[in-house]
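Below is one structure, written out as structure tokens; comments come after it.
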Amino acid sequence: MTLRTSICLWITLGLAACSTKKEQRIQIDGYLDQTVIEGSFVPESCDEVAARSLTDKTLKTTCVAIPANNEDFDGLDWQTKYVEKLEADDWELAGGEANIFFLEKELSEDCNILMLLVGTILEKDAEEALLSGKEYEGDYNMVFLYAVSPAPVCGDDRRLAD
């Protein structure tokens with residue numbers, strides 16, 4: 001086998017491995033299905049984050065995390081990107097500020113579905129330290145928690161009613 005053939009084989013195998021890599025998705029059955037933005041990931045501990053962040057246990061949840069303890073991290077930029085992805089999927093920003101947003105999506109002419117998008121910290125010990133104003137030395141991740149109410153809001157109760 002020549003050097004050129006060997007290099008081409010390695011490139012071909014590398015490309016095949018890249019193309020078979022499973023794409024991570026942010027999903028809530030029937031409500032949300034989006035790919036993650038490069039540099040972020042779907043953690044296995046979304047249920048844990050939801051349990052400590054939300055009191056309404058009827059909400060359907062998922063989350064996406066972004067490594068946050070590096071000098072290039074810009075939480076506002078990530079937040080903007082993920083809100084724009086939701087808007088591209090017909091979710092409308094209905095209110096909120098800082099790290100909590102309310103969004104709505106029309107289900108029918110008279111009914112909307114509601115989503116809460118909450119920014120927090122994935123690791124509980126990092127969250128506790130940072131919220132109390134202490135330094136945190138370990139690695140941590142910012143997380144966007146998506147929470148959808150499965151009960152539609154209809155009639156005059158809709159925020160985005162015409």
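Nothing in this text is a laboratory measurement; each read-out follows from the coordinates by a stated rule. Here the structure is a predicted model, which means the values were calculated and not measured. So basically every Cβ, Gly included, is an ideal-geometry build from the backbone, and we count neighbours across all protein chains shown.
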Counting only residues that are in contact with a strand residue (DSSP E or B) (Cβ under 9 Å, 6 or more places away or on another chain), of a type outside the set (D, E, K, R) and in a loop (DSSP other than H, G, I, E, B), which one in segment 137-150 is surrounded by the most Cβ atoms within 10 Å (Cβ to Cβ)?
Tyr140
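Return yes when Leu130 is of a type in the set (A, V, I, L, M) and within 20 Å of Ser40 (Cα to Cα) and no when it is not. Talk me through it step by step, then tell me what you get.
Numbers: of a type in the set (A, V, I, L, M): yes; within 20 Å of Ser40 (Cα to Cα): no.
No: the conditions fail for Leu130.
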Within segment 108-116, is there a residue that is surrounded by fewer than 16 Cβ atoms within 10 Å (Cβ to Cβ), among the acidic types (Asp, Glu) and more than 25 Å from Arg52 (Cβ to Cβ)?
yes
What's the number of the only condition in (1) over 25 Å from Glu106 (Cα atoms); (2) in contact with a Leu (Cβ under 7 Å, 6 or more places away or on another chain) that Phe41 fails to meet?
(2)
Which residue is surrounded by the fewest Cβ atoms within 10 Å (Cβ to Cβ), if the candidates are limited to segment 94-107 and must be among the hydrophobic types (A, V, I, L, M, F, W, C) and in contact with an Asp or Glu (Cβ under 7 Å, 6 or more places away or on another chain)?
Ala94
If I filter segment 39-80 down to residues being over 13 Å from Leu117 (Cα atoms) and among the basic types (Lys, Arg), which single residue comes out as nearest to the chain's Cα centre (by Cα)?
Arg52
